[in-house]
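Written out below as structure tokens is the structure these notes cover.
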Amino acid sequence: THFGFQTVDKHEKESKVANVFHSVAQQYDIMNDLMSFGIHRLWKRFTIDASGVRPGNKVLDLAGGTGDLTAKFSQLVGREGKVILADINSSMLNVGRDKLRDKGLVQNIEYVQANAQYLPFEDNTFDVITIAFGLRNVTDKDMALRSMYRVLKPGGRLLVLEFSKPEHELVNKAYDFYSFNILPKMGEIVAKDGDSYQYLAESIRMHPDQETLKSMMEQAGFEQTSFKNLTGGVVALHKGYKF
Ligand code: SAM
């Protein structure tokens, strides 16, 4: 692949991912809207609805970046609840914190810089964990899933929103063309950073497909796992429970 991700060691992947998100943080929200034609908002809305978050819940928005999900959860959990926006990258966290504070969302949100593989929380802490467009950037996904399982309360659920494998070959081809030809050019023009967007395209291509991710969740201990394809499988929302 362009960055030889099959052969580079995990430290190289980690620093590459760190550089990408330090570099794109300021432009991240506008690029999301441009690259997905605004559709990422619908995918996130679907995730919020499927999460079943209620007043008083404790929610972890992992790899939460600039906090789109956190903003909605903060309203849903109310004064009695808590949302933790955790991300490995300080630039993304800073942009997220500024954005949410500007919206007046301050009461029930905490910001934690953390690696999904080594979550710094007690066992059985959260009612709901979400990880949106984050898992594919994590070096050891199995380890991260086990870590999420550990910090979830019994009865709690994990939702993984991530790019996946389009159901139809034609969509797959069109999507590949878009990702590898158009997306890096948009990154170059708007964010002045084609390489980072080339990386994002690579990471989407290499992410496990629907069934593989479902079995990885089961391996980590999750039960009643399921997924729902969105936009023809360009994105999938996986769900699993801890009992
Ligand atoms: N969830 C947000 C959203 O949907 O808009 C942000 C998604 S952004 C594409 C991916 C995020 O994953 C980045 O903010 C990045 O810093 C974070 N990330 C990458 N590797 C991580 C890790 N090992 N642990 C925690 N966060 C990580």
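Listed residues TYR111, TYR118, TYR149; which is away from the ligand (no atom under 15 Å from the Cβ) and of a type in the set (Phe, Trp, Tyr)?
TYR149
Selection of segment 205-220 for residues being buried (at least 16 other Cβ atoms within 10 Å of the Cβ), over 14 Å from ARG136 (Cβ atoms) and in contact with a helix residue (DSSP H, G or I) (Cβ under 7 Å, 6 or more places away or on another chain) yields MET217, ALA220.
Consider segment 27-51 and keep the residues that are more than 11 Å from the ligand (Cβ to nearest atom) and not in a helix (DSSP H, G or I). The one that is surrounded by the most Cβ atoms within 10 Å (Cβ to Cβ) is GLY38.
If you scan segment 199-243, which residues turn out to be outside any loop (DSSP other than H, G, I, E, B) and either at pLDDT below 90 or of a type in the set (Phe, Trp, Tyr) (or both)? Matches in segment 199-243: TYR199, LEU200, ALA201, GLU202, SER203, ILE204, ARG205, MET206, PHE227, TYR241. Within segment 52-62, restricting attention to residues that are outside any loop (DSSP other than H, G, I, E, B) and either modelled with pLDDT under 95 or away from the ligand (no atom under 12 Å from the Cβ) (or both), the residue that is surrounded by the fewest Cβ atoms within 10 Å (Cβ to Cβ) is LYS58. Within segment 72-82, take every residue that is buried (at least 20 other Cβ atoms within 10 Å of the Cβ) and of a type in the set (A, V, I, L, M, F, W, C) and give me the one that is nearest to ASP49 (Cα to Cα). Top of the filtered list is PHE73. Residue pairs whose Cβ atoms lie under 6 Å apart, sitting 6 or more positions apart in sequence or on different chains, and linking a residue in segment 60-76 that is free of Cβ contacts under 8 Å to residues at least 40 places away in the same chain and farther than 20 Å from GLU122 by Cβ to a partner that is acidic (Asp, Glu) and within 8 Å of the ligand (Cβ to nearest atom), are THR70/ASP61.
The values are calculated or read from the model by the stated rules, or taken from the named source; none is laboratory data. Since the structure is predicted, the reported quantities are computational estimates derived from the model, not experimental observations. Cβ coordinates were reconstructed from backbone atoms using ideal geometry, including for glycine residues, and neighbour counts include every protein chain displayed.
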